[in-house]
Structures are given as C-alpha cells and as structure tokens.
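Below is one structure, written out as structure tokens, with a few remarks after it.
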Amino acid sequence: MVMGLMMISLAVLLAGSGLCLLPGGPAGGNTSRTGVITGVAGAVPAIIAALVVLETGTAVSLRLPWPVPFGSFYVAVDPLSAFFILTISLVCALAAVYGTAYLDAYRAGKNLGPAWAFFNLLFASMLLVVISRNGLLFLVAWETMSLSSFFLVMFEHEKQEVRLAGWVYLVAAHAGQACLMFLFVFLGRQSGTLDFDAFTVPPGAAAAGVLFLLAVAGFGAKAGFLPLHVWLPDAHPAAPSHVSAVMSGVMIKTGIYGLVRIISLLGMPAQWWGWTLILVGAVSGVMGVLFALAQHDIKRLLAYHSVENIGIISLGLGLWLLGVSTGHPALAALGLMGGLLHVINHAVFKSLLFFGAGAVAHAAGTRNMDVMGGLAKRMPRTALAFGIGSAAICGLPPFNGFVSEFLIYLAAFGLITGAGVPGGPMAGGLIVLAALGLIGGLAAACFAKVFGIVFLGEPRTPQAAEAHEAPAAMRFSMITLAVLCIALGLAAPLAVRLVLPAAGQLLDSAQVSAVSLMAGGLLWKISWGGFAFIAVSGFLWGLRRRLLTGRVNTTGPTWDCGYAAPDSRMQYTASSFAWPVIDMFKWIIRPKLRVSVGQDFFPRRAGLSSHSSDPFRRNLFDPLFRAVSELARRTHVLQQGRNQLYVLYIAVTVLVLLLVKVK
Amino acid sequence: MTSIINLLLALMLSPLLIGVINRTKAKIAGRRGQPLLQPYHDLVKLMKKGSVYSTTTTRVFRLGPVASLAAVLVAVTMVPSGGMGGVFSFAGDFVFMAYLLGLARFVTVIAALDTGSAFEGMGASREVQFAILAEIVLLLGLAVLAIGTGETSLTGIYGKLWVSAASALGPASLLVAFAFLIILLTENARIPVDDPNTHLELTMIHEVMVLDHGGVDLAFIQYGAALKLWLFAALLTGLAIPFRTGIVSLDMMVNTAGIFAAAILVGFIESGMARLRLLNVPQMLIAALAVTVASLLWILR
C-alpha cells in the first residue's frame with residue numbers, strides 16, 4: 001500500500017506538471033489552480049505513506065526492470081526516507097498554496113505554466129531522490145531536481161542579477177553532481193552493481209574515507225556547507241518566494257539525506273569522519289550567521305541562515321559519527337536525533353520565514369530591510385507568524401528550534417562529562433558547545449534586527465506606510481507553519497517520535513530506544529518549562545490588564561529623550577543595529593564602508609553605506625573561475641571553426657593511438 | 001520542599017539586593033542613602049500608576065515586559081542554592097536556563113525597537129552585541145563545572161561542588177567564579193559595563209532600552225532585573241563559598257548571606273571604578289572568556 005501511495009503521488013505530480021504546460025490549460029487558463037490542486041493532491045498520499053512507514057517501522061521496496069545499463073527502477077521507503085518524504089511533502093504542499101496567491105502579481109506579464117510545471121517536477125524529483133535505491137536512478141532524480149529548481153530560479157530571467165544567480169547555481173549544482181558521479185562509479189565498480197543494498201565497501205579504511213569525502217563534497221554542495229555555499233545567497237533571493245522556501249526549507253536537505261544514506265552504506269565510520277562534520281558544521285554555522293548579520297536584503301539574509309542551520313545539523317551528525325566511532329552509542333543517538341530533528345524544524349521555520357519575506361517584499365516593493373519599518377500595523381498576521389518563526393530560528397524556547405539544539409547540546413555535554421580522556425571526543429563536544437553558543441547569540445541578534453527593523457517602529461518610506469496584508473492563501477501557509485513551530489516545541493517528546501524510527505535504522509535500535517526513553521523524559525521537562533512560561537505570561541498579562549483598568553491610560557509620541565520632532569529616518573536601521581557586532585567580527589566579514597562627508601563648513605549631504613560581499617566568492621571562487629576561463633581562452637587557438645582542421649585533429653589522434661598500439 | 005523555600009526567598013528578597021547595592025554605594029560615598037526597602041516602594045508605586053503608550057508601538061511593546069519577566073521567573077526555578085537543588089531540575093537544565101534568559105533579552109530588545117526611537121535602538125544594538133560574548137562565557141563556564149563534577153544539571157553540579165572543590169576543581173572553580181562575576185556585571189547592566197543610575201546618556205544600554213516603559217510595565221521590568229541579579233549572584237555564591245555544614249537551614253543562611261555579600265561586592269566595584277568606554281567592554285568580556293578557557297585548560301591538564 002505504501003508503495004502504491006508513493007506511485008500515485010509521483011504520477012499525480014508528473015501529470016500535474018504536464019497539464020500545466022498545456023497551452024491555455026484545462027482550468028480555463030488558470031494554471032495556478034491546476035498547479036496547486038495537483039501539488040496538494042500529490043502531497044497527501046506521500047504524507048500518508050510516510051506516516052504509515054514511520055508508525056510501523058517496516059521498509060517497503062519495489063523493483064522494476066529499466067532498460068538502461070546498470071540501471072534498475074529500484075525504489076524503497078524505509079523510516080529514513082519516510083522522514084524526509086514527510087518533510088518535503090509538507091513544505092511543498094504549503095508552498096503550492098502560498099504560490100497561488102504569490103504568483104498572481106505576475107499573471108499579467110508572464111505565462112505561469114512553466115513555473116508550475118517545474119514546481120511539481122521539483123517536488124516529484126525530490127521524492128524520487130529520497131526513495132531511489134539505484135545509483136543511476138538516484139543521479140537522474142538528482143539532476144532533474146537540480147534542473148527544475150534552476151528553471152524556477154530563472155523565473156524572472158529578464159533581470160540580469162537573476163540570470164547571474166541562475167548561472168552560479170547551475171555551475172555549483174553540476175560541480176556537486178560530478179563528485180556524486182565519481183562516488184557512485186567507485187561504489188559500483190567495487191560491487192558490480194549500482195543498487196544501494198548491494199554496495200560493498202572493502203574493510204580497507206582508505207577507500208571508505210575517499211568515498212566519505214566525495215559524499216561530503218557532492219552532497220555538501222547541495223546542502224550548502226561552507227565554502228560550497230556560494231550559490232545559496234544568490235539563488236534564494238532570485239527565485240520566487242514559495243520556491244525559495246522549498247529550496248531552502250527542503251531541497252538543500254536532500255544533501256543531508258544523501259550524506260546520511262551514503263554514510264550508512266560505508267560501514268563503521270572512522271573517528272576523523274566525525275571530526276570533519278563537526279568542523280564543517282562549526283565553520284558553516286558560525287560564518288553563515290555572521291554573513292547573515294551583514295546583509296540588508298531580507299531574502300539574502302535568510303539564505304545565509306540556511307548555511308548556519310545546515311551547520312547545526314552537521315554538528316549533530318558529526319557527534320553521531322564521533323559517538324559511534326569512539327564507543328558512545330547513546331550520545332551518538334542523541335546527536336543523530338538532534339540533527340535529524342533539526343532537519344524538520346528548520347524546514348518548518350525557514351519556509352515560514354521565506355513566506356513572510358515574500359509577503360513583506362511584495363507589500364513594501366523592495367527586499368531592502370533598511371527602507372521598511374512599521375509593517376506590523378499594516379500586516380499583523382504576517383508579523384505574528386514571522387515573529388514566531390524568528391524566535392524559533394534563534395532556538396528560543398518554547399519554540400521548536402530549541403528542542404533539536406537541546407538534543408545536540410545534551411550529546412555534547414554527554415561527551416564532555418562522560419568521555420573521560422581529554423583530546424578525543426571531549427574536545428569534539430567542547431567545539432560543538434562553543435559553536436552552538438556563539439551561533440545562538442548571533443542568531444538572536446540577527447533576528448532581533450530583522451523583526452525589529454522590518455515590522456516595528458515607523459515606516460521609512462511611503463510605500464512601506466501603504467503596505468497591505470498578504471492574501472488569504474499566503475496567510476494560511478504562514479499561520480499553519482507558525483502553529484507547527486509552537487506545536488513541535490511544546491510537544492517535543494512527540495516530535496522526537498518522527499525521527500526515532502530513522503535513528504533506530506541507523507544505529508543499534510535497543511540503544512536508541514533506551515536513549516529515547518531518557519530523552520523523552522527530559523523533553524517532557526522542556527515541555528513543562530514551555531507550558532510554565534506560557535502560563536506565567538498569561539497570568540502576568542491578566543494582572544497587567546487588571547491593574548490598568550480604571551486608570552488613566554493615554555497615548556502620545558515616543559518620548560525620545562524629549563526630542564520634539566522625531567522623524568522616521570532617525571530610527572536605527574538594520575545596518576546600524578548590526579554594526580557593533582559586525583565591527584567586532586570585521587576580521588572575518590571584511591565589510592566595505594563608503595563614507596561621503598561634505599568638506600565645507602555647512603555640509604549639506606553626508607552619506608554612509610556598507611556592503612559585505614562573500615569572501616569565499618571573492619577570494620576563492622572568482623579567482624578559480626577566472627583561471628579556468630583564462631585557460632579556456634588559451635586553448636582557444638586549437639578551435640578555429642574550420643572543419644578541415646578538426647578532421648586533421650581526428651586523423652592525428654587516430655595515428656598516435658595506432659602508433660601506441662603497435663609499439 | 002526546602003528548595004521551594006529557596007525559590008520563595010528569591011522571589012521575596014531579590015529587590016532587597018538592589019537596595020543593598022544602593023546603600024553600599026551611598027555609604028562609600030559618604031551619603032546616608034535611600035532606605036534599604038526603597039526598591040519595594042518603587043515597585044508598589046509603579047504598580048499603582050496608569051499607562052502612557054507611544055502611538056508608534058504595537059502589542060510587542062506591551063508583551064515585552066510580561067514575557068521577559070515570565071522567562072526570568074521560570075529560569076529562577078532551576079537555580080540551586082545553599083546545597084539545595086532547584087525546584088525544577090533535569091540534565092541540561094542550564095542550557096534551558098541560558099536560553100530562557102536569551103528569550104527575555106530577545107523580547108526586551110524587540111520591544112525597545114518597537115518605539116522607533118534612535119536611543120532605544122542604540123541600547124538594543126549594544127545589548128545584543130554584549131550578550132553574544134556573555135552567553136558563550138556562561139556556557140563554557142558551566143561546561144568547565146560539568147567536566148569537573150561529571151554532572152549535567154545545575155543541581156547536580158552545585159551539589160557536588162563542595163565535595164570536589166578541594167581536589168580537582170579547586171583553582172578552576174575560582175577562575176570560573178571570576179568570569180561569572182564579570183558576566184553578572186554585564187548581564188545586569190552594572191558598572192563598568194553600564195550605569196544603572198543614568199538614563200539619558202547615549203552610552204547607556206539597559207536603561208535606555210526601557211525609556212518608554214512606565215507604570216506596571218516598568219515594575220515588571222525592574223522586578224525581572226532584580227530576579228536576574230539574584231540568579232547570577234546565586235550561581236556566583238555557590239562557586240565562591242563551596243562550604244557546607246550539612247545542616248540545611250544553616251547552609252541556606254550562609255548561602256543567602258553570600259548572595260547579599262555579592263551585592264555588597266557589586267556596590268564596592270561600582271564605587272571604585274568608572275564605566276568603561278563602550279569599545280572596551282567587548283575586550284573585558286573576551287578577557288572573561290580567556291579566564292574561562294584557562295580554567296578549562298586547568299581542568300583538562
């Protein structure tokens with residue numbers, strides 16, 4: 001039944017994709033309706049299938065002949081796949097609903113058919129990625145996913161910056177894909193087949209280590225590990241907001257899925273694997289949030305936060321590998337469960353934040369936070385949902401982000417106190433602890449800035465002052481996710497049940513259930529703490545209301561130390577708010593300041609602007625690609641466009657090969 | 001049961017800590033100073049007032065003091081003192097406590113930004129800047145104590161401190177105590193980080209963030225601030241006075257006396273030095289971080 005549901009889901013999505021491309025469309029030219037109906041109809045059976053597998057804990061597989069060398073249409077749904085299917089389907093369905101209203105603004109100028117066709121294709125290909133059990137099928141699904149998301153990024157291809165972002169994304173996606181091809185060719189050459197369950201890795205550690213590094217590079221490029229993250233801050237802002245939510249919320253998680261899946265096939269992990277993921281996670285997490293702080297573009301900022309959260313997930317996975325390889329299975333289970341739980345938590349709050357950013361950018365006519373302000377009064381529902389998402393992404397209780405970070409903290413503290421010998425796992429725990437602590441403080445600073453500058457205070461432009469609330473479909477998706485942020489935070493022990501089967505599959509299941517009992521008890525305490533916070537807040541709110549009734553309650557202008565003519569331009573902006581922190585870390589971020597001050601005694605205009613470009617882009621990839629293009633230019637002499645010359649090359653090559661053979 | 005008495009002490013006596021600090025400063029300056037119970041009178045007076053809200057503000061501004069006080073109240077329940085555990089204790093509870101304090105800070109900061117005032121924006125910006133460093137010192141300090149005692153809850157750590165204080169942890173716990181003192185001064189907006197007695201200077205942090213709050217809201221904020229001071233003073237005292245007699249009531253009295261001694265110490269520090277230049281505050285916090293790392297190295301030696 002599970003497989004049937006998955007096939008129905010894929011069929012509906014592919015059919016929907018085709019229907020959206022029909023000229024005129026079946027629904028009287030309204031491709032949005034076709035797109036959202038097939039998108040949601042495709043999500044429902046997939047969600048049911050995932051829940052069935054998570055509940056029963058049994059894997060289901062299907063193998064069909066596929067007339068391609070080494071290929072077989074071999075798919076399976078096990079708890080790990082089911083967990084990702086659930087996450088993907090949930091976010092994609094809500095994004096489709098959001099997209100109907102969001103894309104309305106483009107209806108006059110654009111044919112929405114391709115946008116919806118590629119959206120459904122992206123959804124279907126992500127599902128296929130997490131159920132494929134054959135290397136070739138996996139790579140086909142992976143490439144379909146990359147290409148369909150590329151076309152979605154290029155939605156507004158008439159803008160130059162969008163074309164550039166799409167190009168960078170295409171290059172990054174294929175650099176990653178190249179690593180994956182090597183990975184599967186190596187695996188396949190040793191096992192004689194490309195089916196996952198037939199992969200055998202010889203006990204020689206070197207081969208497994210190379211495969212692990214290939215997986216980290218290949219899947220890391222999709223997930224956004226530093227320094228392979230450079231495509232994210234370009235591609236996420238360029239795509240329409242519901243697509244950004246899908247790409248950031250779930251598509252980059254297919255990289256995490258692939259990494260976990262391949263690691264599970266490689267046998268006993270070496271200790272340095274764990275170290276690699278912890279270091280990658282710590283660097284991605286801290287640098288991601290630092291770069292985020294320096295951004296003025298709200299969607300670009302959110303894209304950098306994805307790098308940060310992928311870093312947190314990687315810290316959890318690193319503790320998993322470190323725990324397994326050093327003989328701390330209980331702590332390994334905690335790390336793994338924390339990492340996986342953060343996958344769904346991040347999917348929930350990051351899609352919510354991208355939805356909110358889309359609504360805001362739409363209403364204010366810009367993505368530049370510095371010219372927004374006061375939007376909470378104009379769009380209260382969006383503000384409420386975005387506020388909840390902001391607190392959740394900072395890992396603040398009682399919201400969901402805290403729960404997964406808490407599990408990772410527990411694993412780290414377990415390693416610190418229980419590992420005994422310093423230098424080994426204990427140092428790993430300390431790095432995770434310090435990184436998480438720093439990330440937590442920086443993220444709170446960053447989202448205080450986003451929420452405070454965008455939604456609070458006075459509007460800084462006339463357009464922000466006339467902003468309008470988002471349409472009902474967009475609000476529905478945001479409110480649903482906001483409710484999930486609270487529910488997953490308060491019902492943490494139940495949320496952990498989503499990742500338990502997957503953890504049980506990857507680790508000794510007896511150990512996992514023991515840990516889950518322990519963690520469950522702890523997480524109930526967290527829940528009680530959350531409920532206590534809400535109850536106390538409610539009590540204090542009531543007390544305040546009661547004390548204030550019947551007294552003189554007035555309103556007036558902000559006091560502002562008695563200044564009589566406040567102006568909305570005097571408020572702190574996103575740049576000025578973040579500046580002290582950026583200044584503190586300027587040796588990493590290297591922001592550029594442009595100051596213009598008048599030289600005469602009565603200067604009229606003075607200006608200050610700051611800009612932070614990505615140092616990895618600037619110092620690593622730009623020189624690299626310049627070198628590649630220089631090399632291409634040099635070899636250009638060989639390519640003159642004359643057919644006779646090419647025939648000569650062929651003849652010379654054949655001759656050389658012949659001589660080599662004869663000799 | 002006794003831990004509930006602990007909590008009640010915190011709830012009742014925390015405003016007195018502020019009074020003790022003020023009185024200490026007055027004595028050193030040669031003034032008579034305000035009555036010891038003045039903070040209580042202030043709270044009562046504020047609770048009786050009506051409200052004035054800026055037309056710029058939204059619900060966030062009204063929710064800020066409520067949510068931040070609630071978060072601090074829940075955080076205080078986890079604090080052990082005088083050999084007794086917190087009311088609410090579990091493995092990793094200090095992470096929860098640190099993040100609850102983070103929540104309190106977050107709502108205070110966004111409530112400040114809600115006024116649209118440049119001054120409050122300045123305070124908010126500085127608050128988050130210093131909090132980043134302070135939070136790391138707090139977590140690393142607790143990690144050192146966790147390694148030293150092998151425990152992962154505040155109650156467990158502080159319960160074992162007096163056993164292991166003489167041996168393994170010894171000097172490390174004093175180093176952590178020093179770092180915690182700096183964190184106490186930072187998190188509670190005391191000199192040399194911030195001056196609680198001035199409101200209008202552009203250099204202020206916490207006071208400038210609550211400029212537009214009045215009446216009941218301001219009472220909530222001041223009570224929350226007093227509780228937060230109690231919380232940090234209790235964490236510091238547990239480290240600095242790791243002696244137990246075994247008699248619960250006596251231990252409790254010693255510990256409470258220690259908390260008030262911490263307040264007197266704060267009064268001495270505030271009388272003895274000036275506020276640092278803002279640019280130097282991060283340097284002081286990084287020094288605290290260095291001290292914590294030193295204690296970590298000691299414990300791992």
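The values are calculated or read from the model by the stated rules, or taken from the named source; none is laboratory data. Quantities reported herein were computed from a predicted structural model and do not represent experimental measurements. In this analysis, Cβ positions are derived from the backbone assuming ideal geometry, glycine residues included, and neighbour counts consider all displayed protein chains. Areas reflect the complete protein model, heavy atoms only, side chains present, ligands, DNA and RNA absent. Shrake-Rupley method; radii C 1.70, N 1.55, O 1.52, S 1.80 Å.
Only one entry of A:I313, A:I278 meets the criterion of being of a type in the set (A, V, I, L, M), in contact with a His (Cβ under 6 Å, 6 or more places away or on another chain) and open to solvent by less than 10 Å² (accessible area, probe 1.4 Å), and that entry is A:I313. When the residues of the stretch B:49-66 are filtered to those that are closer than 14 Å to B:F106 by Cα and at the interface with chain A (Cβ under 7 Å from one of its Cβ atoms), the one that is least open to solvent (accessible area, probe 1.4 Å) is B:V66. Number of residues in the stretch B:28-48 that are within 14 Å of another protein chain (Cβ to nearest Cβ) and surrounded by 14 or more Cβ atoms within 10 Å (Cβ to Cβ): the value is 3.
Going through the stretch B:111-123 one residue at a time, which ones are in a helix (DSSP H, G or I) and either facing another protein chain (nearest Cβ under 7 Å) or open to solvent by 10 Å² or more (accessible area, probe 1.4 Å) (or both)? Before you say what the answer is, go through the steps one by one.
In the first step, residues of the stretch B:111-123 are kept if they are in a helix (DSSP H, G or I); the result is B:111-113, B:118-123.
Across the stretch B:111-123, the qualifying residues are B:L113, B:A118, B:F119, B:G121, B:M122.
In the stretch A:176-295, counting only helices (runs of 4 or more DSSP H) that sit wholly within it, the ones holding 3 or more residues that are under 30 Å from A:A473 (Cβ atoms) and of a type in the set (A, V, I, L, M) span A:232-238, A:241-246. Kindly indicate whether B:F243 is aromatic (F, W, Y), surrounded by fewer than 20 Cβ atoms within 10 Å (Cβ to Cβ) and in a helix (DSSP H, G or I). So B:F243 fails the test. Residue count for the stretch B:223-261, restricted to those that are among the hydroxyl-bearing types (S, T, Y) and at pLDDT below 85: 2.
Being within 14 Å of chain B (Cβ to nearest Cβ), in contact (Cβ under 8 Å) with a residue 60 or more places away in the chain and either part of a helix (DSSP H, G or I) or open to solvent by 10 Å² or more (accessible area, probe 1.4 Å) (or both), is that true of even one residue in the stretch A:491-505? Within the stretch A:491-505 (the criterion being within 14 Å of chain B (Cβ to nearest Cβ), in contact (Cβ under 8 Å) with a residue 60 or more places away in the chain and either part of a helix (DSSP H, G or I) or open to solvent by 10 Å² or more (accessible area, probe 1.4 Å) (or both)), the answer is yes, since at least one residue qualifies.
Take the residues in the stretch A:514-542 that are over 29 Å from the mean Cα position of the chain (by Cα) and modelled with pLDDT under 80, then tell me which one is least open to solvent (accessible area, probe 1.4 Å). Residue satisfying both the conditions and the ranking: A:A514. You will find that of A:A239, A:A294, the residue that is touching a strand residue (DSSP E or B) at 6+ places or on another chain (Cβ under 8 Å), farther than 27 Å from A:L430 by Cβ, open to solvent by less than 10 Å² (accessible area, probe 1.4 Å) and of a type outside the set (F, W, Y) is A:A294 and no other.
Of all residues in the stretch A:521-538, those that are farther than 14 Å from A:I486 by Cα and touching a residue at least 12 places away in the same chain (Cβ under 8 Å) have Cβ atoms under 6 Å from Cβ atoms of residues that are part of a helix (DSSP H, G or I) and open to solvent by less than 20 Å² (accessible area, probe 1.4 Å), 6 or more apart or on another chain, in A:L523/A:A492; A:L523/A:P493; A:W524/A:P493.
Residue selection: A:F402 fails the criterion of being more than 25 Å from A:F225 (Cβ to Cβ) and not small (G, A, S). Tallying residues that are β-branched (V, I, T) and either on the phi > 0 side of the Ramachandran plot or open to solvent by 10 Å² or more (accessible area, probe 1.4 Å) (or both) within the stretch A:120-173 yields 4.
Condition (residue is at the interface with chain A (Cβ under 9 Å from one of its Cβ atoms) and touching a Cys at 6+ places or on another chain (Cβ under 9 Å)) applied to the stretch B:180-201: is it met by at least one residue?
yes
Exactly one residue out of A:L147, A:L183, A:L139, A:L226 is without any contact (Cβ under 8 Å) to a residue 40 or more places away in the chain and within 24 Å of the chain's Cα centre (by Cα), and it is A:L147. Residue check: is A:I589 away from every other protein chain (no Cβ under 11 Å), within 32 Å of the chain's Cα centre (by Cα) and among the hydrophobic types (A, V, I, L, M, F, W, C)? Answer is yes for this residue.
Scanning the stretch B:141-162 for residues that are open to solvent by 20 Å² or more (accessible area, probe 1.4 Å) and either charged (D, E, K, R) or facing another protein chain (nearest Cβ under 7 Å) (or both) turns up B:I147, B:G150, B:E151, B:T152, B:K160. When the stretch B:84-97 is filtered for residues that are in a helix (DSSP H, G or I), within 8 Å of chain A (Cβ to nearest Cβ) and of a type in the set (A, V, I, L, M, F, W, C), the ones remaining, listed by number, are B:V95, B:F96. Just checking, does the stretch A:205-228 include any residue being crowded, with 19+ Cβ neighbours inside 10 Å, more than 24 Å from A:I278 (Cα to Cα) and in contact with a Gly (Cβ under 6 Å, 6 or more places away or on another chain)? Scanning the stretch A:205-228 turns up no residue that is crowded, with 19+ Cβ neighbours inside 10 Å, more than 24 Å from A:I278 (Cα to Cα) and in contact with a Gly (Cβ under 6 Å, 6 or more places away or on another chain). Annotation note: of A:G335, A:G339, the sole residue that is over 25 Å from B:V128 (Cβ atoms), within 14 Å of chain B (Cβ to nearest Cβ), touching a helix residue (DSSP H, G or I) at 6+ places or on another chain (Cβ under 6 Å) and assigned to a helix (DSSP H, G or I) is A:G335.
The residue that is nearest to B:V44 (Cα to Cα), among those in the stretch A:529-575 that are facing chain B (nearest Cβ under 7 Å) and in a loop (DSSP other than H, G, I, E, B), is A:R551.
To keep it simple, each residue is scored yes or no on (1) within 19 Å of the chain's Cα centre (by Cα); (2) of a type in the set (S, T, N, Q).
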residue	(1), (2)
A:T366	no, yes
A:D370	no, no
A:F402	yes, no
A:A434	no, no
A:A444	yes, no
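At least 3 residues being open to solvent by less than 20 Å² (accessible area, probe 1.4 Å) and more than 10 Å from chain B (Cβ to nearest Cβ) is the threshold, and among the helices (runs of 4 or more DSSP H) wholly inside the stretch A:362-479 those reaching it are A:380-393, A:400-418, A:425-455.
Scanning the stretch A:65-99 for residues that are surrounded by fewer than 24 Cβ atoms within 10 Å (Cβ to Cβ), under 24 Å from A:F476 (Cα atoms) and among the hydroxyl-bearing types (S, T, Y) yields nothing.
Table: residues versus (1) within 30 Å of A:G373 (Cα to Cα); (2) away from chain A (no Cβ under 12 Å); (3) of a type in the set (G, A, S).
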site: B:L16; (1), (2), (3): no, yes, no
site: B:I21; (1), (2), (3): no, yes, no
site: B:A26; (1), (2), (3): no, yes, yes
site: B:T77; (1), (2), (3): no, no, no
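Criterion first (within 14 Å of chain B (Cβ to nearest Cβ), part of a helix (DSSP H, G or I) and over 28 Å from A:A359 (Cβ atoms)) does A:I526 satisfy it? Taking the combined requirement at face value, the residue satisfies it.
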